[in-house]
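Here's the structure, in structure tokens; my notes come after.
The values are calculated or read from the model by the stated rules, or taken from the named source; none is laboratory data. The shown structure was predicted, so the numbers you read here are calculated from the model rather than taken from an experiment. Glycine also receives a Cβ, built like all others from the backbone with ideal geometry; neighbour counts cover every protein chain displayed.
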Amino acid sequence: MTAALERALGSVPTEEEEAAAVPVLVLGPAGSGRTALLLRAALAGGGDGPRALFLAPSALPWFPGGDDEDGGGGKDRRALQRLELRYPPSPGALGRELGAVPARSRPPGLLLLDGLERFLGGSPRTAARLAALLLEAARSPGPPRPPAQVLASLCLPPPGPHVLPVLRRYFPAECHLRPQPGGPLRRLRLTRPGIPPRCWSLRFGPHGRLRVGPEDMDEDRDRDTDPEEDDVWG
């Protein structure tokens, strides 16, 4: 996965992972925590993380926050200062936003697109075009620098039967979020070409707080949770 997602899940990325900009598609049903995970990735690393551009079809219902101890950088003002939120309301507006990224004097090192399904309309052709624009925006012109890390989220089921296969041509890595029945626990499975899959257990709380555990987290303990913690959107 990208280094930003590694940090968001409490892992220390290797030098190879820092240098590799493997596009990641974050998949999950409504309410699985896709938006919260992307925001956490944007803020991971505190003030030392890369500049992040977060694109979404509509304004977020709440602003990211949380305790520093969860690794999300929610109270680190430097982390918030390097995060830019933009809300293109249509595919055309999104295309203009992406087309303007390479011309910025300080292009972002992390490019996140939430709610990809809202821009597709079920069209494989539109999916291919937007994916290509997203990856092209991640390539910065000028002096040699690594491409921006790209994370995009898609709600399952996809808006059309052929959309997901098209997107997989552009996103070699996938991050699957699966809610577990009866509580706020989510299972996360990451797959990348040539690397064994990795799995985590996640519990999202209010305002993007996240607890990360091993895949075999004790299920009895998971059921003993505050109902308020099941406040996940996206």
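Taking the conditions (1) of a type in the set (A, V, I, L, M, F, W, C); (2) surrounded by 13 or more Cβ atoms within 10 Å (Cβ to Cβ); (3) under 23 Å from Pro147 (Cβ atoms) in turn, Ala100 satisfies each one other than (2). When you scan the range 155-168, do you find a residue that is in a strand (DSSP E or B) and not β-branched (Val, Ile, Thr), even just one? Within the range 155-168, one or more residues are in a strand (DSSP E or B) and not β-branched (Val, Ile, Thr). Looking at the range 186-207, which of its residues are in contact (Cβ under 8 Å) with a residue 40 or more places away in the chain and closer than 17 Å to Ala30 by Cβ? Listed by number, the residues that qualify are Arg186, Leu188, Leu202, Phe204.
Counting only strands (runs of 3 or more DSSP E) that sit wholly inside the range 169-218, those with at least 1 residues that are at pLDDT 90 or above and aliphatic (A, V, I, L, M) are 173-179, 185-192.
Taking the listed residues Leu151, Leu85, the one that is in contact with a Ser or Thr (Cβ under 7 Å, 6 or more places away or on another chain) and either of a type outside the set (Gly, Ala, Ser) or part of a loop (DSSP other than H, G, I, E, B) (or both) is Leu151, with no other qualifying.
Of the residues making up the range 116-132, those that are crowded, with 20+ Cβ neighbours inside 10 Å and outside any helix (DSSP H, G or I) number 1.
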